[in-house]
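Some notes on the structure that comes next.
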Amino acid sequence: MKTTALNKVHKELGAKMLPFAGFEMPIQYEGVNAEHETVRNNVGVFDVSHMGNFFVEGPEALDFLQYITSNDVAKLRPGKVQYSCFPNETGGIVDDLLVYQLGDNKYMLVVNGANLEKDWNWINKYASNYDVQLKNLSDQYSILAVQGPNSPELLQRIAGDSADLKNLKFYTWTTADLAGHKDILVSATGYTGEKGYEIYVDNKYVQDIWEELFKQGEDLGIKPIGLGARDTLRLEKGYCLYGNDIDDTTSPIEAGLGWITKFTKDFVNAENLKKQKEEGVKRKLVGFKLKDKGIARHGYDIVNEKGDKIGVVTSGTMSPTLKEAIGMGYVPKEYSKPGNEIFIQIRKKQIPAEIVKLPFV
C-alpha cells in the first residue's frame, strides 16, 4: 500500500488510518463530527496527497483537452481552474477532475486517487492523435486542503507579502512563498463548500508547510481533518463523489453535471450526451432527507409506496450540521421533484424520505 509524505505525522497525531484509493490514509483524528464542525466554523487541514497530478504540454494541448473533457477548456487562461469530467464512450464518466491552466499550452489535471491508473490509460489512449506530451508526477506531489471560514486569514499570515491569498477568487490559482519555500502553487478550490485553498507542493517540503499551518493557526482553531469528515462535508453540499454518485455507468446529465458539459465543442460521446440533454433523461440524481430514524447507506434500495425498487442510494450519512439523515441517489424522473415521497429499504423496514433540493446546507 502506498503512503503519503505525511504518513508518520498522521500516526503521531493518533489518526485512525485505513486503506483508501490504494493509500494508507487518515480517516479521522478526534472524530468525524468534531472535525466536521471545525471546518464549518474554524479551519481544518486535510492531507489529500492520494490525488493524482498529470501534466499536459504541447502545441495541441488545448485541442486535446477539449476533446477528452466535457467542459470548455478554451474559457481557461493561466491562473484559472475548471471543474470537469472525462466522458466515456458509452454515456458514463471515467472520472471527474480539476483542470489548471499553468501557462500557454501547459495544463495540470488533478484526478481522483482511486482512478489514477485508469485515468492515465484513458488520456494516453487519445494522446497519440495530438502533438502533446504527458507526464504523471503524482508520486512527487503532496496536496494539502486548508478549508473553513478562517482559512483566508491563516493562508495570508503564512504567505506574508508574497501573494494576496485573502482575495484569491474561487477557482483561480497563484504562487506564494510558504514556510521558506518559494513559488508554491495555491488555488482557491476545495471539496467542503467552505472558503478554502489547496496547496500543491513537492513531497520534500510538505511537512514544513504542515507544521507552519499549525503553528500560525493555533488561535484560529486549526485541527487536522480526516477523510471521514471530508465525506460528510461534501455530501451536505451535494457534491458528487466518484465511485458513489458518479461512475462509468452514470451520465453527467443524469448526475446534474450539465453545467460542466458544454456542447459548443466536440468531445468524447458528445453526440449522445447532447441527445440526452435535449430529450431528457429517464433517471436523475436527487437529494433526500429521511423522515424517520435510520441512515441511508451506499447501495441501499430506494422503493416506492408499493415496495417496488425504483432506484439506489449512492451516498448517505447523518448530517452533523442538520442533525438529520440525508442522502443522494438515482430515481426515475417522475419521482425526482422536491417534495415527492420515496422509501429507503433499511434491512426489513421501508423508511419514508422526502426529495429535497440540493445543497442540504
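The values are calculated or read from the model by the stated rules, or taken from the named source; none is laboratory data. Please read these numbers as outputs of a predicted model, since none were measured by experiment. No Cβ is skipped: glycine too gets one built from the backbone with ideal geometry, and neighbour counts run over all protein chains shown.
The criterion of at least 1 residues that are within 18 Å of the chain's Cα centre (by Cα) is met, among helices (runs of 4 or more DSSP H) falling completely within region 1-109, by 32-41.
In region 183-207, the residues that are among the basic types (Lys, Arg) reach residues that are crowded, with 24+ Cβ neighbours inside 10 Å and assigned to a helix (DSSP H, G or I) with C-beta atoms within less than 6 angstrom, at least six apart or across chains, in these pairs: Lys195/Ser151.
Yes/no per residue for (1) among the hydroxyl-bearing types (Ser, Thr, Tyr); (2) under 22 Å from Phe20 (Cβ atoms); (3) modelled with pLDDT of 95 or more; (4) not assigned by TED's automatic domain parsing to the domain that holds Lys348:
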{"residue": "Ser251", "(1), (2), (3), (4)": "yes, no, yes, yes"}
{"residue": "Leu257", "(1), (2), (3), (4)": "no, no, yes, yes"}
{"residue": "Phe267", "(1), (2), (3), (4)": "no, no, yes, yes"}
{"residue": "Leu273", "(1), (2), (3), (4)": "no, no, yes, yes"}
{"residue": "Ile302", "(1), (2), (3), (4)": "no, no, yes, no"}
{"residue": "Glu305", "(1), (2), (3), (4)": "no, no, yes, no"}
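Please specify each residue of region 24-79 satisfying the condition of being surrounded by fewer than 19 Cβ atoms within 10 Å (Cβ to Cβ), under 24 Å from Leu220 (Cβ atoms) and among the charged types (D, E, K, R). Glu30, Glu37 - these are the residues of region 24-79 that are surrounded by fewer than 19 Cβ atoms within 10 Å (Cβ to Cβ), under 24 Å from Leu220 (Cβ atoms) and among the charged types (D, E, K, R). Total residues in region 116-126 satisfying the condition of being surrounded by 18 or more Cβ atoms within 10 Å (Cβ to Cβ) and touching a helix residue (DSSP H, G or I) at 6+ places or on another chain (Cβ under 7 Å): the figure is 2. For region 336-358, a residue qualifies if it is within 27 Å of the chain's Cα centre (by Cα) and of a type in the set (Gly, Ala, Ser), and the qualifying residues are Ser336, Ala353.
Is there a residue in region 121-130 that is in the same structural domain as Asp177 (by TED's automatic domain parsing), touching a residue at least 24 places away in the same chain (Cβ under 8 Å), of a type in the set (A, V, I, L, M) and outside any loop (DSSP other than H, G, I, E, B)? No: zero hits. There is at least one residue in region 216-232 that is in the same structural domain as Asn33 (by TED's automatic domain parsing), under 11 Å from the mean Cα position of the chain (by Cα) and either at pLDDT 95 or above or of a type outside the set (Lys, Arg) (or both).
Within region 249-304, the set of residues being out of contact with any strand residue (DSSP E or B) (no Cβ under 7 Å at 6 or more places or on another chain), farther than 22 Å from Lys357 by Cβ and not polar (S, T, N, Q) comprises Lys262, Phe263, Lys265, Asp266, Ala270, Glu271, Lys274, Lys275, Glu278, Glu279, Lys293.
Scanning region 140-182 for residues that are in a loop (DSSP other than H, G, I, E, B) and without any contact (Cβ under 8 Å) to a residue 60 or more places away in the chain turns up Ala163, Asp164, Leu165, Lys166, Asn167, Leu168, Lys169, Phe170, Ala179, Gly180. Of all residues in region 2-20, those that are touching a residue at least 24 places away in the same chain (Cβ under 8 Å) have Cβ atoms under 6 Å from Cβ atoms of residues that are polar (S, T, N, Q) and surrounded by 16 or more Cβ atoms within 10 Å (Cβ to Cβ), 6 or more apart or on another chain, in Thr4/Ser49; Ala5/Ser142; Lys16/Gln28.
Would you confirm, using the coordinates I've provided, whether Gly307 is assigned to a strand (DSSP E or B) and farther than 23 Å from Thr192 by Cα? No, not satisfied.
Annotation note: of Lys135, Lys223, Lys215, the sole residue that is touching an Asp or Glu at 6+ places or on another chain (Cβ under 9 Å), under 21 Å from Lys8 (Cα atoms) and among the charged types (D, E, K, R) is Lys223. Could you check region 172-182 and list, in sequence order, the residues that are farther than 15 Å from Tyr200 by Cβ and surrounded by 15 or more Cβ atoms within 10 Å (Cβ to Cβ)? Correct list: empty.
Taking the options Phe54, Phe86, name whichever one is aromatic (Phe, Trp, Tyr), in contact with a strand residue (DSSP E or B) (Cβ under 8 Å, 6 or more places away or on another chain) and either at pLDDT below 95 or farther than 24 Å from Thr3 by Cα (or both). Don't jump to the end; show me each part of the working.
Numbers: Phe54 fails: either at pLDDT below 95 or farther than 24 Å from Thr3 by Cα (or both).
Only one candidate qualifies: Phe86.
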